Amino acid sequence: MKVRNAILASGIALAMFGTCGSLASAAEAKCKRPTEFKLAFNQTEAHPQYKAGVEFGKRLLEVTGGCYSIKVYPNETLGTQTAVINNVSDGSVALAWIGGPPLEAMNPDAIVFNLPYMFASYDAQAAIFADESVVGEYKNATVASKRVKVLAGVFAGIRNVYGKKAVRNIADLKGQKIRVQQSDSQVKMIQLMGAVATPMGQGDVYSAMQTGTLDGAENNETVYDALKHDEVGKFYSYTKHLMIPDYLIMSADVLEKMPEADRKALLDLVPEVTKIANEGFKAFVEDSIAKAKAKGATFVTDVDVAAFRNAVAPLVKESINNPVRQKLYDAIQAANAKYPN
Ligand code: GCU
């Protein structure tokens, strides 16, 4: 009987840790079974944020001695980002990657990072999110009110307009029904660019473009290809209007319930996770462009970017309207001057 129990116990230990290979032996395990955190993600398994999430889970299992693991749910399976951010807020989902615009519902000052033509370069944006003296308070701003902790901001590409026709100037976009992310800033922005704004979750864009509810959308090249939008909108036009960060967010309730040592171990992993998400992105963009071209997409580069920039300037001006936003805006301008391209 004892032998049978020992075999059973080792079998369970193997099932727990054998496949992930994260713990050298079950004897190292501090907990009998890991608590599994859900990480919501609205894109595919090819995305570096998915890979970063999976690695986060593996490393978390190691550094907490088998007490905590993460399961990443890709492809919007846990719902749109707007839904998911509320689930993180109420603690029913522990973690999520979300875009900047949904965060505006929790912290209106998040708008600063979602405004058109805000960042001059990838390096400027990276410098801002690496500087705790700039983003420290911002990341904690929703902890008390919404129980959402922003763990990190990462690069999520440069957004451009795409659809059934090439867009070289504002006249080309006039009257076009363009999908935007679900926030006021994004609606106002695309209206100023000449289009009719249609806010919706990312997962509905393909069929809306297919049926003609939408003429197009705006996003980076990876979404254009990975979500197959290049099948229903052959022209990708470089308006270069946005460089919005994505955020890794966590339920403050879930985080605070962890024993202090495990919580610290989790937080210590964030720079590593951020690095994986950032590093994989540029290659993902190149790969997406090549794949879209092979499917017949046209990338339009002779776009009157200055005209679009002028058109959206009033939105930028009216949005920097309190001291918190002004401080973030000034820091971005300083980073832009240091890293102009
Ligand atoms: C990008 C971004 C996402 C965002 C999406 C969208 O993919 O990385 O966070 O949700 O665009 O437009 O909805």
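The values are calculated or read from the model by the stated rules, or taken from the named source; none is laboratory data. Remember, it's a predicted structure, so these values are computed and weren't measured experimentally. Neighbour counts run over all protein chains shown; Cβ positions are idealised from the backbone, glycine included.
General remarks:
- Qualifying positions in segment 196-215 - out of contact with any Lys or Arg (no Cβ under 9 Å at 6 or more places or on another chain) and not in a helix (DSSP H, G or I): Gly201
- Residue within segment 268-291 that is of a type in the set (Val, Ile, Thr) and farther than 30 Å from Ser69 by Cα present: yes
- Whenever a residue of segment 49-65 is aliphatic (A, V, I, L, M), its partners that are within 16 Å of the ligand (Cβ to nearest atom), lying with C-beta atoms within less than 7 angstrom and at least six residues away or across chains, give the pairs Ala52/Val273; Ala52/Ile276; Ala52/Ala277; Val54/Val72.
- Within segment 304-320, tally of residues that are exposed (fewer than 11 other Cβ atoms within 10 Å of the Cβ) and either among the basic types (Lys, Arg) or not in a helix (DSSP H, G or I) (or both): 1
- Scan of segment 233-249 for residues that are surrounded by 19 or more Cβ atoms within 10 Å (Cβ to Cβ) and within 16 Å of the ligand (Cβ to nearest atom), ordered by number: Gly233, Tyr236, Thr239, His241, Leu242, Met243, Ile244, Pro245, Asp246, Tyr247, Leu248, Ile249
- In segment 96-115, the residues that are away from the ligand (no atom under 14 Å from the Cβ) and either in contact with a helix residue (DSSP H, G or I) (Cβ under 8 Å, 6 or more places away or on another chain) or closer than 22 Å to Lys338 by Cα (or both): Met106, Asn107, Asp109, Ile111, Val112, Leu115
- Residue within segment 219-232 that is assigned by TED's automatic domain parsing to the domain that holds Asp302, surrounded by fewer than 19 Cβ atoms within 10 Å (Cβ to Cβ) and more than 16 Å from the ligand (Cβ to nearest atom) present: yes
- Thr301 falls short on exactly one of the conditions (1) farther than 18 Å from Pro245 by Cα; (2) surrounded by 18 or more Cβ atoms within 10 Å (Cβ to Cβ), and that condition is (2).
- Within segment 170-186, restricting attention to residues that are of a type outside the set (Lys, Arg) and touching a helix residue (DSSP H, G or I) at 6+ places or on another chain (Cβ under 6 Å), the residue that is nearest to the ligand (Cβ to nearest atom) is Gln181.
- Residue under evaluation Ala283, criteria (1) over 19 Å from Gly57 (Cα atoms); (2) touching a strand residue (DSSP E or B) at 6+ places or on another chain (Cβ under 7 Å); (3) surrounded by fewer than 24 Cβ atoms within 10 Å (Cβ to Cβ), criterion not met: (2)
- Residues satisfying the criterion are absent from segment 196-214 (criterion: of a type in the set (Phe, Trp, Tyr), surrounded by 22 or more Cβ atoms within 10 Å (Cβ to Cβ) and within 13 Å of the ligand (Cβ to nearest atom)).
- Of Glu45, Glu36, all but one fail to be among the charged types (D, E, K, R) and in contact with a strand residue (DSSP E or B) (Cβ under 6 Å, 6 or more places away or on another chain); the exception is Glu36.
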